[in-house]
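The values are calculated or read from the model by the stated rules, or taken from the named source; none is laboratory data. The structure displayed is predicted, hence computed values, not measured ones. Cβ placement follows ideal geometry from the backbone for every residue including glycine, while neighbour counts extend to all protein chains displayed.
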Amino acid sequence: MVAGLRELRADGVLTVVFDRPAVRNALSVAMRQRLEELCAEADADVDIDVVVLTGTDPAFCAGADMKEIAALGRALPPTDPGRAIRAVRKPVIGAVNGPCVTGGLEIALSCDFLVASELATFADTHAHLGVLPRWGMSALLPRAVGPRWAKELSATRAVIGPADALRIGLVNHVVPHDQLAARVCLITDAIRRAQAPAVAATFELYDDGQSLSQTEALALEAERGAAWVVDLTHFSSGAGSS
């Protein structure tokens, strides 16, 4: 266990809680390193079907601990929790319970999808701090909301609320704050009823297809679909298929 990071495992779900509320759950180096380890562990653990990332109220995550970064200077070890999250071949859900800022937004964008509390807010302050993003913002934000919104958010440091985040496609759902955990639980239960290998393979198709033309993406789907071995025992339940 690492200070500032809580790990909960139950019913096939690994829940990682950023737990430094006094500093809006800013991630220390140790927290980032442990998060990277947890992502690799979850990916390899057959008993984990879904990963959930959330924060201790009132914030989701403020990104990296800037005071620690300043203190370490050139001794700062490299970390990339965004890349570690994106490497997980199982669904990763961000349960955004409050402010989600800069590196915290990169963490959220690296999740497969997001459920936001009505108290969630989103902002990117990289440019106002005079730094460039390193955990995936430049690739992920334009793909999530389009390049025009991405440029405005990064250049102006605008803070958007959950309704706007839903409208521009940054989050999947917005729910009352006291219903956030319950909604995420409904989603994880639904995911766990699907066949895990098929979910992983489908997500991989979506991710790999993003950089391809539609024709190339369709060809990739055809290639992998032809090679896929169907578990025929699943059809005994009456489930349909294309």
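For this structure, a couple of remarks:
- Search result, residues across segment 161-184 that are among the aliphatic types (A, V, I, L, M), loosely packed, with under 13 Cβ neighbours inside 10 Å and assigned to a loop (DSSP other than H, G, I, E, B): none
- Test result for A123, free of Cβ contacts under 8 Å to residues at least 40 places away in the same chain and either more than 21 Å from V50 (Cβ to Cβ) or not polar (S, T, N, Q) (or both): yes
- Taking segment 1-40 as the range and being within 20 Å of A95 (Cβ to Cβ) and without any contact (Cβ under 8 Å) to a residue 12 or more places away in the chain as the test, the residues that pass are L8, A10.
- Complete set of residues in segment 101-115 that are under 28 Å from A44 (Cα atoms) and either out of contact with any Asp or Glu (no Cβ under 9 Å at 6 or more places or on another chain) or not aliphatic (A, V, I, L, M) (or both): G103, G104, E106, I107, A108, L109, S110, C111, D112, F113, L114, V115
- Taking the numbered list (1) polar (S, T, N, Q); (2) surrounded by 13 or more Cβ atoms within 10 Å (Cβ to Cβ); (3) over 29 Å from A10 (Cα atoms) in turn, S117 passes all entries but (3).
- From D112, D80, residue being within 16 Å of T15 (Cβ to Cβ), surrounded by 15 or more Cβ atoms within 10 Å (Cβ to Cβ), at pLDDT 95 or above and in the same structural domain as E36 (by TED's automatic domain parsing): D112
- Count of residues meeting criterion [touching a Lys or Arg at 6+ places or on another chain (Cβ under 9 Å), without any contact (Cβ under 8 Å) to a residue 40 or more places away in the chain and not in a helix (DSSP H, G or I)] in segment 133-155: 0
- Qualifying residue in segment 191-200 (condition: within 30 Å of I69 (Cα to Cα) and modelled with pLDDT of 95 or more): no
- Qualifying residue in segment 107-122 (condition: among the aromatic types (F, W, Y), touching a helix residue (DSSP H, G or I) at 6+ places or on another chain (Cβ under 6 Å) and closer than 17 Å to C39 by Cβ): no
- Within segment 56-66, one or more residues are of a type in the set (F, W, Y) and buried (at least 24 other Cβ atoms within 10 Å of the Cβ).
- Filtering L129, L140 for residues that are hydrophobic (A, V, I, L, M, F, W, C), assigned by TED's automatic domain parsing to the domain that holds C61 and farther than 19 Å from N172 by Cα leaves a single hit, L129.
- Flag if V50 is free of Cβ contacts under 8 Å to residues at least 12 places away in the same chain and farther than 20 Å from E68 by Cα: no
- Criterion violated by A40 - all others in (1) assigned to a helix (DSSP H, G or I); (2) buried (at least 23 other Cβ atoms within 10 Å of the Cβ) satisfied: (2)
- When A158 is tested against (1) more than 30 Å from T54 (Cβ to Cβ); (2) of a type outside the set (D, E); (3) not in a helix (DSSP H, G or I), only condition (1) is not met.
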